[in-house]
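Everything below concerns the one structure shown next.
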Amino acid sequence: MNTIPLGQSGLHVTPICLGTMTFGEQVDETASFAILDRAVERGINFIDTAEMYAVPPRAETFNATEKIIGNWLAARSGVRRKLVIATKVAGPSRGMPWIRGGSADLTAADILAACDGSLQRLKTDVIDLYQIHWPTRHVPMFGSLYYHPKNENTDATSVHAQLEALGTLVKAGKVRAVGLSNETPYGVHEFVRLAEQHGLPRVATVQNPYCLLNRTVENGLDETMHRLGVSLLAYSPLAFGLLTGKYDASGLTGPGAPAQARIAKFESTRKQRWGRPEALAAARRYNQLAVDNGMTPTQMALAFCYTKWQVASTIIGVTSLAQLDQDVDAWGTTLSPELLKQIDTIRWENRDPAL
């Protein structure tokens, strides 16, 4: 894998990124160390985490993932300089009182304090890519469908103030580049506009869901990012496991469902976009299409992300070395024009059931 640039940041990363939200919940520290070691061995130089992780979020595992990665970095002399480490500050945390008391805002002071906490847990002097995990604005995300002005968070900290805080971190040498997550075309435009107007850090990346079951990036965000020179980090390329085929026969919770898999294990996950019956129905069609074309469902789903012009780096999340190797081995798989047409036919009939 050759490295690719992230926006205009000067950072260069592999087109596969190791996502780590399973560390500290489904994956203990020993197994996490083994996965991190194997990822580096397989040539991955890009690791993504967040202060909120592990997932599903709960008080007992808040910050656990960053701590595991920090312990690993401390135990592996010299590895830090080879890596691009990305983490995220959580947005408004209603319903999660363990994150800033469940605040409905993300203030400049919150960003500064959260970054210091992440630096300490990660046991590093600098975060290469520091991202706002989700907006303070009212934005349809995590399965919600519609924007409406009446739901606007009128007391939220402004984009300008958040950018100033990020600028403070960059000037202090604590952060190299900044990014966004779960953002909209408007949000990306506003962050870039204000950065250019006020000499503040220009966002390098947006980390949004992108997979066969959720291609909403292609509904205008891709043009925005292309024209503004912002790179897409695609998360959930396997749709929380739906696009691996492991739920095709059993359903999400039926007899034979993989008990330790994320959706089967955590009820809160099934209540989200990935747990919709429509999402599983569409996944079954894509998975059968992969088999009909001589591929595993995982192989086709990942190849779809790996080869799309919109995607700079695809974030893979795993719970075992076998899963990691399978995901990396899919690199280099190509999809024929005829197969891509068949994929688009399924999308036309099912649209984006896990948006």
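Of all residues in the range 35-84, how many are in a helix (DSSP H, G or I) and of a type in the set (A, V, I, L, M, F, W, C)?
12
Name the one entry in SER103, SER77 that is over 28 Å from TYR306 (Cβ atoms), without any contact (Cβ under 8 Å) to a residue 24 or more places away in the chain, surrounded by 15 or more Cβ atoms within 10 Å (Cβ to Cβ) and not basic (Lys, Arg).
SER103
Tell me which residues, restricted to the range 1-36, are in contact with a helix residue (DSSP H, G or I) (Cβ under 8 Å, 6 or more places away or on another chain) and either among the small types (Gly, Ala, Ser) or free of Cβ contacts under 8 Å to residues at least 60 places away in the same chain (or both).
Answer for the range 1-36, where residues must be in contact with a helix residue (DSSP H, G or I) (Cβ under 8 Å, 6 or more places away or on another chain) and either among the small types (Gly, Ala, Ser) or free of Cβ contacts under 8 Å to residues at least 60 places away in the same chain (or both): PHE23, GLY24, GLU25, GLU29, SER32, PHE33, ALA34, LEU36.
State which residue is nearest to the chain's Cα centre (by Cα) when the search covers only the range 98-124 and only residues that are within 14 Å of ASN63 (Cα to Cα) and not in a helix (DSSP H, G or I).
Among those that are within 14 Å of ASN63 (Cα to Cα) and not in a helix (DSSP H, G or I), it is ILE99.
Somewhere in the range 338-353, is a residue of a type outside the set (Phe, Trp, Tyr) and in contact with a Cys (Cβ under 6 Å, 6 or more places away or on another chain)?
Applying the first criterion (of a type outside the set (Phe, Trp, Tyr)) to the range 338-353 yields 338-347, 349-353.
Now narrow it down to the ones that are in contact with a Cys (Cβ under 6 Å, 6 or more places away or on another chain): none.
No.
Return the residue satisfying two criteria in turn: it lies in the range 24-79 and is touching a strand residue (DSSP E or B) at 6+ places or on another chain (Cβ under 9 Å) and polar (S, T, N, Q), and of such residues it is farthest from PHE142 (Cα to Cα).
Taking the candidates together, the pick is ASN45.
Name the one entry in THR298, THR334 that is among the β-branched types (Val, Ile, Thr), closer than 26 Å to GLU41 by Cα, assigned to a helix (DSSP H, G or I) and in contact with a helix residue (DSSP H, G or I) (Cβ under 8 Å, 6 or more places away or on another chain).
THR298
Being of a type in the set (Ser, Thr, Tyr), surrounded by fewer than 20 Cβ atoms within 10 Å (Cβ to Cβ) and either at positive phi or modelled with pLDDT under 95 (or both) is true for just one of THR224, THR253. Which residue is that?
THR253
Just for the range 266-277: of the residues that are in a helix (DSSP H, G or I) and under 22 Å from the mean Cα position of the chain (by Cα), which one is nearest to MET141 (Cα to Cα)? Walk me through it before giving the result.
If we filter the range 266-277 for residues that are in a helix (DSSP H, G or I), which is where we start, we get 267-270, 273-275, 277.
Restricting the remaining residues to those that are under 22 Å from the mean Cα position of the chain (by Cα) gives 267-270, 273-275.
Numbers: GLU267: 19, SER268: 16, THR269: 15, ARG270: 16, ARG273: 10, TRP274: 13, GLY275: 15 Å.
By that ranking, first place goes to ARG273.
Is it the case that some residue within the range 208-219 is crowded, with 18+ Cβ neighbours inside 10 Å, of a type in the set (Asp, Glu) and at pLDDT 95 or above?
No, the range 208-219 has no match at all.
Which count do you get for residues in the range 20-44 that are under 21 Å from GLY78 (Cα atoms) and buried (at least 20 other Cβ atoms within 10 Å of the Cβ)?
Residues flagged as under 21 Å from GLY78 (Cα atoms) and buried (at least 20 other Cβ atoms within 10 Å of the Cβ) within the range 20-44 amount to 6.
Would you be able to say whether some residue in the range 49-66 is β-branched (Val, Ile, Thr), crowded, with 22+ Cβ neighbours inside 10 Å and touching a Phe, Trp or Tyr at 6+ places or on another chain (Cβ under 7 Å)?
yes
How many residues are under 30 Å from TRP274 (Cβ atoms) and aliphatic (A, V, I, L, M) if we restrict to the range 138-191?
Number satisfying all stated conditions: 9.
Any chance you could count how many residues in the range 262-286 are closer than 22 Å to MET300 by Cβ, among the basic types (Lys, Arg) and modelled with pLDDT under 90?
Final tally of qualifying residues: 2.
Does the range 86-108 contain any residue that is hydroxyl-bearing (Ser, Thr, Tyr) and in contact with a Pro (Cβ under 7 Å, 6 or more places away or on another chain)?
yes
May I ask you to say which residue of ALA161, ALA204 is crowded, with 21+ Cβ neighbours inside 10 Å and either modelled with pLDDT of 95 or more or under 18 Å from SER9 (Cβ atoms) (or both)?
ALA204
Which members of the range 300-314 meet the condition of being touching an Asp or Glu at 6+ places or on another chain (Cβ under 8 Å) and buried (at least 20 other Cβ atoms within 10 Å of the Cβ)?
Hit for the range 300-314 is LEU302, nothing else.
The values are calculated or read from the model by the stated rules, or taken from the named source; none is laboratory data. If you're wondering where the values come from, they're calculated on a predicted model, not measured in any experiment. Note that each Cβ is placed from the backbone with ideal geometry, even for glycine, and that neighbours are counted across all protein chains shown.
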